[in-house]
Amino acid sequence: MNPGNAVRVMAGIGISLLAATCSSGSEHAAPAMVGSAGAAASGGARVGSSAGEAGAGPAADADGGAAGAAGEAGAAGTSGEAAGESSRGGSGGAAPAFPCAAGGASSPPTTAHCDPRAALTQVGAVPVKAGNNPRLIAVTPDELTIAWSTLGSFGAQFQVADRAAASAGFDDPVLIATDDAVVGLSPDGLRLITLSQDGTSYQELSRDTRGSDFSAASVTAFSLIDAAAPAFGLVYSDCVVSADDRTLIYTAQSRDGQEYPVRISVRSGSEPWPVGSAIMSCELQRHDGLVRNPTGLSTDGLTLFFFDPDRQSARAAWRASQSADFTFFADLPAGIGRATVNADCSKLYYSGAFANAMLQVASGP
């Protein structure tokens, strides 16, 4: 965080930000929000993402939310619909209409870097020229590159900014020249993941060094996933890549209403991403045309961040190991739309769920 930026306490939500200051042995008091919304066993915990009902494409949210990228793909078509974090309207926080089956964990794994009991009280604006209604896409684990979208005169615009150190301000942002939507960022900040207007093809824009321009798109890394789209009638949306560049979590909807659209893909090196498998969790299940799109993944791969359109707020999921299921789920404070963390989980970067939000970063005492 730039020392020149004032740091303030977020009094509005009494912030005790979930999953941010993350040593596993933390003795911070548990936030009140975790108790009722955490495990699947508690019932009534519904999660989701800002998914447009009618297709994919960069669009402005009808309720004035930040730009809705092509990731807000719906099940019924291919034209972009106004979609964003506030696509459902309302102030969030209402209990979901359906219960999840009992049997989930009652507490997160103690091995995870991100500790949901940790309290974050220092909140400030990310030191970057973010523009109008910024919507966070990704921050690299080292905090040196950030990608986001803004609401321009003709729809969503996508920008990237770099900096020399995590304590410095970001350089002037660079507008990404693409007709597609930017939906992800590699952990080294050298590759942007884009999604075609119809939501059926991921590509990568690459550069040699930070601060340089991104080049023409390549489909090599996503050749297998892209081939699955026409074969199985899939429409894709947002994705996150792990810190070691070996795990991809993305959303793949089928036009016949695939029940579990959140997928996980694991590779051993730099080969194309396999199609992967669906994450079979009630909390990540599709309901009423809404799906959950991932927004961040901790460096240990044990904590997944995503947005819930019913609550109009972000949530997080934990698992005990990278080969285990996600079993513990909990809410982040109301009003947070898209969230991710830095390498040691000491900072939470996020954009708001509603109009006129800023890019913000929160850290511990």
Taking the criterion of being buried (at least 24 other Cβ atoms within 10 Å of the Cβ), among the basic types (Lys, Arg) and at pLDDT below 95, would at least one residue in the stretch 287-297 satisfy it?
yes
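This table checks each residue for (1) touching a helix residue (DSSP H, G or I) at 6+ places or on another chain (Cβ under 8 Å); (2) assigned to a loop (DSSP other than H, G, I, E, B); (3) surrounded by fewer than 18 Cβ atoms within 10 Å (Cβ to Cβ); (4) among the small types (Gly, Ala, Ser).
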{"residue": "Val123", "(1), (2), (3), (4)": "no, no, no, no"}
{"residue": "Ala138", "(1), (2), (3), (4)": "no, no, no, yes"}
{"residue": "Leu151", "(1), (2), (3), (4)": "no, no, no, no"}
{"residue": "Phe170", "(1), (2), (3), (4)": "no, yes, no, no"}
Could you grab the pairs with beta carbons closer than 8 Å, sequence gap of 6+ or different chains, first residue in the stretch 231-247 and among the basic types (Lys, Arg), second one outside any loop (DSSP other than H, G, I, E, B)?
Arg246/Val266
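The values are calculated or read from the model by the stated rules, or taken from the named source; none is laboratory data. Just so you know, these numbers come straight off a predicted model, no measurement behind them. Every residue, glycine as well, gets a Cβ built from its backbone with ideal geometry; the counts of neighbours run over all protein chains shown.
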